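S.K.: Can you keep this structure in mind? I'll have questions shortly.
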């Protein structure tokens, strides 16, 4: 008698919770963004530096993602205004971060962006009226001390240039955006990434007149190289990776989202030291450890709630 075929037993999509899949995806996306500075710097070296290279990347991503947004246009229309605004603000935050990587030290800009758990804690208190417990006070204090050490290694503990300011502003904007996305975003990854890219493009257009003049198109012999890097960044980072980030932000609390994306800090700091000769001083390293500690302190209870 022939044996009855058994169904394939390992359906990961049904066996693993969305929050766990989102966590794994964010770890991978964070690691990928840890080397995002490299294509940005390559485009700058090919005479499309400053805001302009990032602007063209965002515009290319809009074109790449527009078919998906067109197919899901009804979902865009039905989405809440706060959800749409949150995703758009998230794109603007990533644009500030992208430009900051050109103007500042890679590791410092990344660390300033990853003060997000500190800002998320403050937002949860001021916006959602959540209680400010002793642990949350510790998160804020440890994070701000770490910020002071990272910025104060070369003088006063304030941003020292446009790259630092953009990194700091991008982290604050991302904290606001991720809180809104968690509560109000109903977009799928494709149309969400399209709106994300639109927000990034809008931010770049607004900033461009104040940051640098249009450098002109690169010469023909280097133009093809620049186009290749732009297309790679638009597809790999601003389309595929951000689709994952937008989807995961709807399944994870902002603080947990921030700590899981800390994989970007490790990859970014080490890759910048190895390939761009941009290492941290011992004082900045101590500050970096405190920033990461603050993020860990913030996410531990969030993880417990998610796994409950």
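S.K.: Of the listed peptides 265-271, 224-230, what is their order by residue-averaged count of other C-beta atoms within 10 Å, with the highest listed first?
M.R.: Final packing ranking: 265-271, 224-230.
S.K.: Suppose a student asked you for the relative contact order of the chain, using Cα pairs under 8 Å spaced at least 6 residues apart; what percent would you report? If you can, show how the numbers build up before the last one.
M.R.: Numbers: 502 pairs, mean separation 115.3, N = 308.
Value for the chain: 37 percent.
S.K.: Residue separation times 0.36 nm, minus the C-alpha to C-alpha distance between residue 77 and residue 293: what's the value? Don't skip to the end; give the middle numbers.
M.R.: Details: separation 216, 0.36 × 216 = 77.76 nm, distance 4.08 nm.
The span from residue 77 to residue 293 would gain 73.7 nm if fully extended.
S.K.: Just to be sure I understand the model, the point goes 7 Å from the Cα along the line to the Cβ. What's the resulting residue 47 to residue 135 distance in nm?
M.R.: 5.6 nm
S.K.: Taking 7 Å along the Cα-to-C-beta vector as the label spot, tell me the residue 210-residue 19 distance in nanometres, rounded to one decimal.
M.R.: Here the modelled spin labels are 3.9 nm apart.
S.K.: I would also like to ask the following. Place the peptides 285-292, 190-197 in order of packing, highest mean first, counting for every residue the other Cβ atoms within 10 Å and averaging per peptide.
M.R.: Those peptides, ordered most packed to least, come out 190-197, 285-292.
S.K.: Can you show me the helix-derived [θ] at 222 nm for the chain, built from DSSP H runs with n ≥ 4 at -39,500 (n - 2.57) apiece and divided by the number of residues, rounded to the nearest 500. Write down the numbers at each step before the final one.
M.R.: Values: 16 runs with 230 residues, N = 308.
Theoretical 222 nm ellipticity from helices: -24000 deg cm²/dmol.
S.K.: What residues of segment 44-80 lie in the reach of a label at residue 217, counting those whose backbone N is under 20 Å from a point 7 Å from the Cα along Cα→Cβ?
M.R.: 44-64
S.K.: Let a ≥ b ≥ c be the square roots of the eigenvalues of the Cα gyration tensor of segment 70-226; is it rounded (a/c under 1.5), or, if not, prolate (a/b larger than b/c) or oblate?
M.R.: Working: a/c = 2.80, a/b = 1.08, b/c = 2.59.
Cα axes put segment 70-226 in the oblate bin.
S.K.: Sticking with the crude label model, points 7 Å out along Cα→Cβ, report the distance from residue 273 to residue 126 in nm, one decimal please.
M.R.: Modelled inter-label distance: 3.4 nm.
Each value in this text was obtained by applying a stated rule to the coordinates, not by laboratory testing. What you see is a predicted model; the values in this text were computed from it and never measured. Backbone-built Cβ (ideal geometry, glycine too); neighbour counts: all protein chains shown.
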